[in-house]
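Here the structure is laid out as structure tokens; the discussion comes afterwards.
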Ligand SMILES: [Cu+2]
């Protein structure tokens, strides 16, 4: 009796683990760039890879550490000035990878609610296919990969 119950439970658990589509989204190298004290915004970076066989849509996020989290994209205007704009969503086809990095797409972390220094970390909930996925992003100083330095982005 106990055994039968136990195996039924295991079966249900396996089914549960196999079900969510977001399990097929790989998130690598998450980090937040350390900003000067009192900075109004910070930027987060990571690499998304769709390891499944269906399209994945990332449509935003939120964090207790910030008033607002947006998806942004930096681009160079013809006069060489870098501007950025909000993007509503990131769509990843099966096998597709999207790299959020300084000078490109980034998570715009608006109005920090506490001071975040290198060594701290940020908990983020990303909206993935209408569900939420948690990510932990360590705060780091800008590294050598940061060729285009734009204040706060
Ligand atoms: Cu931005």
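The values are calculated or read from the model by the stated rules, or taken from the named source; none is laboratory data. Please read all numbers here as calculations on a predicted model, not as lab measurements. Neighbour counts are summed over all protein chains in view; Cβ atoms, including those assigned to glycine, are modelled from backbone coordinates with ideal geometry.
When residue 38 is tested against the conditions (1) more than 11 Å from the ligand (Cβ to nearest atom); (2) in contact (Cβ under 8 Å) with a residue 24 or more places away in the chain; (3) within 13 Å of residue 110 (Cα to Cα), the lone failure is (2).
Among the criteria (1) at pLDDT 85 or above; (2) under 19 Å from residue 130 (Cβ atoms), the one residue 28 does not fulfil is (2).
Quick one: which strands (runs of 3 or more DSSP E) lie wholly within region 51-153 and hold at least 2 residues that are within 15 Å of the ligand (Cβ to nearest atom)? Talk me through it step by step, then tell me what you get.
Details: elements: 56-62, 66-76, 82-86, 90-92, 97-100, 105-112, 121-128, 131-140.
Counting at least 2 such residues, we get 56-62, 66-76, 82-86, 105-112.
Return a yes/no flag: does region 20-30 have any residue that is within 16 Å of the ligand (Cβ to nearest atom) and in contact (Cβ under 8 Å) with a residue 24 or more places away in the chain. Looking through region 20-30, none of the residues is within 16 Å of the ligand (Cβ to nearest atom) and in contact (Cβ under 8 Å) with a residue 24 or more places away in the chain.
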